[in-house]
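K.L.:
Dropping a structure here in structure tokens format, bear with me for questions.
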Amino acid sequence: MLKTLSLVSLLFICTKAFGQNVKNIGSMYSMGKENFAPHIKLDTISNKKHLFGMGPYGKMQGEISVFDGKPFFSSVDEKGRGIVSANWAIESPFFVYANVTKWQKYKLNLSFQNLDELQKAIENLAKEKGHVTENPFVIKIKGNFDQLTTHIVMPRSTEIPGYQANKKQADYNFEQIEGEILVFYSQKHQGVYTHKDSFIHAHFLSKDKKTMGHIDKIKSNGKVEMSFSIE
């Protein structure tokens, strides 16, 4: 009996739980039915310290990414350029967020050719390091990325500022771009804050803070720093 208890205790100590404080409001699948009505004003979030989050901006007027308590939102100007601003006075039809103060960092050579391979790399590393992934958690990935395609969503209705006819998003392609990827991982929220065929939702912020958007395609083969939230 003593040996059994010792083994259970050892297994408990060796596993690391993720993401106990990941929260979400609104959802991907319902926002269209609700005419993309905002469900949260970011300046009403009481605890902004070490806040990380993402979602659409306004009524599909752009993208929101919050990195360590700093809010960034991107929108598309009349020339099709992505413009990045920083302000808490913004709102979103769905938003996922977490306050993270403790991270487990890993420096590694990582090769992936698309988002599916990135998801698999996250899961493989988590398994290798003894992390438990049943709960939602947050990942940061810093590095120089070989190829990257991002998008910024655009308004669907003529009455919304920024509307452009027959255009629901603007796509941007980059090569050898340095920055940080923010990822929310969950096996339980497909269609809520990850797409129905994925466990991850990923945004990119360039090192110079001039580019930010939702990641559609990615290729990388090099050194990165991957960090897992461990709260």
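The values are calculated or read from the model by the stated rules, or taken from the named source; none is laboratory data. Owing to the predicted nature of the structure, the values given are computational and were not obtained by experimental measurement. Every residue, glycine as well, gets a Cβ built from its backbone with ideal geometry; the counts of neighbours run over all protein chains shown. Surface accessibility is based on the protein's heavy atoms, side chains included, excluding ligands, DNA and RNA. Shrake-Rupley method; radii C 1.70, N 1.55, O 1.52, S 1.80 Å.
K.L.:
Just want to confirm a number: the relative contact order over segment 120-228, from Cα pairs under 8 angstrom separated by 6+ residues, in percent.
P.N.:
Value for segment 120-228: 35 percent.
K.L.:
Considering only protein heavy atoms and a 1.4 Å probe, what is the carbon-and-sulfur percentage of the accessible area of the chain?
P.N.:
Of the solvent-accessible surface of the chain, carbon and sulfur hold 50 percent.
K.L.:
In vacuo Debye scattering of segment 109-158, one point per C-alpha: log10 I(q)/I(0) at q = 0.24 Å⁻¹?
P.N.:
Debye intensities relative to I(0), on a log10 scale: -1.06.
K.L.:
Hey, another quick one. Hey, got the Cα dimensions of the chain along the principal axes, in Å, largest first?
P.N.:
Taking the Cα atoms of the chain, the three principal extents are 70, 36, 31 Å.
K.L.:
Moving to a separate point now. Given the C-alpha atoms of segment 125-217, compute the convex hull and give its volume per residue in Å³.
P.N.:
Spelled out: Cα convex hull of segment 125-217, divided by residues, is 127 Å³.
K.L.:
Eigenvalues of the Cα gyration tensor times 5, then square-rooted: what semi-axes does that give for segment 72-197, in whole angstrom, largest first?
P.N.:
Ellipsoid half-lengths, sorted descending, are 30, 18, 15 Å.
K.L.:
Can you work out the FRET efficiency for the pair E225 and D197, with r the C-beta to C-beta distance and R0 = 35 Å, to the nearest 0.05?
P.N.:
Once rounded, the FRET efficiency stands at 0.80.
K.L.:
Using Cα pairs under 8 angstrom and six or more residues apart, how large is the relative contact order of the chain, in percent?
P.N.:
27 percent
K.L.:
Something else about it: Among L125, L182, L205, which one shows the highest mean-square fluctuation when the chain is modelled as a Gaussian network with alpha-carbon springs under 10 Å?
P.N.:
Ranking L125, L182, L205 by mean-square fluctuation puts L125 first.
K.L.:
While we're on this one: Per-residue ellipticity at 222 nm for the chain, helices alone: DSSP H runs ≥ 4 residues times -39500 (n - 2.57), over residue total, nearest 500 deg cm²/dmol?
P.N.:
-4000 deg cm²/dmol
K.L.:
So what is the orientation-averaged projected area of segment 176-231, using the convex hull of its C-alpha atoms, in nm²?
P.N.:
It is 5.0 nm².
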